[in-house]
Amino acid sequence: MASRKPARKAALYGLLTALAFIFAYVESLIPLNLGVPGVKLGLANLVVLAALYLLDLKGAFTVAVVRIVLTGLTFGGLFSMLYSLAGGLLSFAVMALLSRKSRLGTVGVSLCGGVAHNAGQLLVAMAVLETGTVWYYLPVLILSGTAAGVAVGLLGGIAVERLRRAFAHFSG
Amino acid sequence: MGKKLFGRRDLILLAVFLLIGGAALLFQLARPAAAGGVAEVSVDGELVAALPLSEDGEMVIEGYGGGENTLVIRDGEADIVAATCPDGVCVRHRPVSREGESIICLPNRVVVTIRGGKEAAVDGVA
Ligand SMILES: [Zn+2]
């Protein structure tokens, strides 16, 4: 539905990017310490999830990358950018695949995305610190990724429905 | 299509992840402190010190790029109590005492890891 009308498409892009920005800001305010410095909860994944269901693959990828670059430049330094990039790209790949090729609902898709997001961040921490000891945090990261994934999946699924209806309205 | 929020498959997936994560976490927390263990200190991937957990003490770690972290060993636990890093994640981290636990300071590239000592390394020692 998104590809036919350019104006509607542009509006959706803008809306999703703005949303991503707000979520990243909210996330930067949460003083969550998961043990591995720099690791984020991944709430901003909500926007990527919505983009995957509302836009085509290319559009969703654009939103995912713009989100990472924008938030990386605004709310963090080089390290957090690397973290977001690894986590964001891995979770995008997983969610893109599952949202199109599996029969999972949005909750299942985003759950896998959440865990992949944390696994990607852990890989970066391993590379940067040249140590394998960060694997100790894997259980915590699986659980937090699952929790964030479920929250994102529920909210994202509802948001997708609303947006779909809203955009169907004002452009016939 | 693709509008479904939550189905049976999602529930199974959720249960599997919770089970794996929960079991692994319980396993980690159930282990006792590493008796006779050491706190290994590494900077930028290189081991710079190994402090026995049995001896109370303090050490100022010279991190990467001139940063400093103050490591305190007390009551068999290792804790970073002060640091020059901007984020302070390492200072907020709880003290560590179990094999494999670590405190990481990314800006200073400092990693403090607990390694099991003589007692922990040998099986069957009563
Ligand atoms: Zn630190």
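The values are calculated or read from the model by the stated rules, or taken from the named source; none is laboratory data. No experiment lies behind these values; they were computed from the predicted model shown. Virtual Cβ from ideal backbone geometry, glycine too; neighbours counted across all protein chains shown.
The set of residues in the stretch B:58-99 that are assigned to a loop (DSSP other than H, G, I, E, B), free of Cβ contacts under 8 Å to residues at least 40 places away in the same chain and within 16 Å of residue B:43 (Cα to Cα) comprises B:84, B:85.
The condition of being under 17 Å from the mean Cα position of the chain (by Cα), within 13 Å of the ligand (Cβ to nearest atom) and more than 14 Å from chain A (Cβ to nearest Cβ) holds for residue B:82. Checked against the criteria, residue B:37 does not count as more than 11 Å from the ligand (Cβ to nearest atom), at the interface with another protein chain (Cβ under 8 Å from one of its Cβ atoms) and touching a helix residue (DSSP H, G or I) at 6+ places or on another chain (Cβ under 9 Å). Scanning the stretch B:44-79 for residues that are within 11 Å of the ligand (Cβ to nearest atom), modelled with pLDDT of 95 or more and under 18 Å from the mean Cα position of the chain (by Cα) returns B:61, B:69, B:70.
Pick out the one residue from A:110, A:102 that is crowded, with 21+ Cβ neighbours inside 10 Å, among the hydroxyl-bearing types (Ser, Thr, Tyr) and at pLDDT 85 or above. Before you say what the answer is, go through the steps one by one.
Numbers: A:102 fails: crowded, with 21+ Cβ neighbours inside 10 Å.
The conditions single out A:110.
Here the stretch A:77-97 is the region considered, the condition is being facing another protein chain (nearest Cβ under 10 Å) and over 14 Å from the mean Cα position of the chain (by Cα), and the residue that is surrounded by the fewest Cβ atoms within 10 Å (Cβ to Cβ) is A:77. Restricting to the stretch A:115-172, name every residue that is more than 8 Å from chain B (Cβ to nearest Cβ) and polar (S, T, N, Q). Selection gives A:118, A:121, A:144, A:171.
Being farther than 17 Å from residue B:16 by Cα, under 16 Å from the mean Cα position of the chain (by Cα), aliphatic (A, V, I, L, M) and modelled with pLDDT of 85 or more narrows it down to one residue among A:148, A:116, A:159; which is it? Steps first, answer last, please.
Details: A:148 fails: farther than 17 Å from residue B:16 by Cα; A:116 fails: farther than 17 Å from residue B:16 by Cα.
Of A:148, A:116, A:159, the one residue that is farther than 17 Å from residue B:16 by Cα, under 16 Å from the mean Cα position of the chain (by Cα), aliphatic (A, V, I, L, M) and modelled with pLDDT of 85 or more is A:159.
Every test in (1) under 30 Å from residue A:112 (Cβ atoms); (2) of a type outside the set (S, T, N, Q); (3) part of a strand (DSSP E or B) is passed by residue B:51 save one, and that test is (1).
Condition check: out of contact with any strand residue (DSSP E or B) (no Cβ under 8 Å at 6 or more places or on another chain) and of a type in the set (A, V, I, L, M). Does residue A:129 satisfy that? In short, no.
Being more than 11 Å from the ligand (Cβ to nearest atom) and closer than 15 Å to residue A:126 by Cα is the filter here; which residues of the stretch B:85-120 pass it? Lay out the reasoning, then the answer.
Filtering the stretch B:85-120 for residues more than 11 Å from the ligand (Cβ to nearest atom) gives B:94-102, B:113-120.
Answer for the stretch B:85-120, where residues must be more than 11 Å from the ligand (Cβ to nearest atom) and closer than 15 Å to residue A:126 by Cα: B:100, B:101, B:102, B:113.
When restricted to residues that are closer than 9 Å to residue B:110 by Cα and β-branched (Val, Ile, Thr), the stretch B:39-69 contains 3. The numbered conditions (1) surrounded by fewer than 16 Cβ atoms within 10 Å (Cβ to Cβ); (2) more than 23 Å from residue A:40 (Cα to Cα); (3) away from the ligand (no atom under 14 Å from the Cβ); (4) not hydrophobic (A, V, I, L, M, F, W, C) are all true for residue B:22 except (2).
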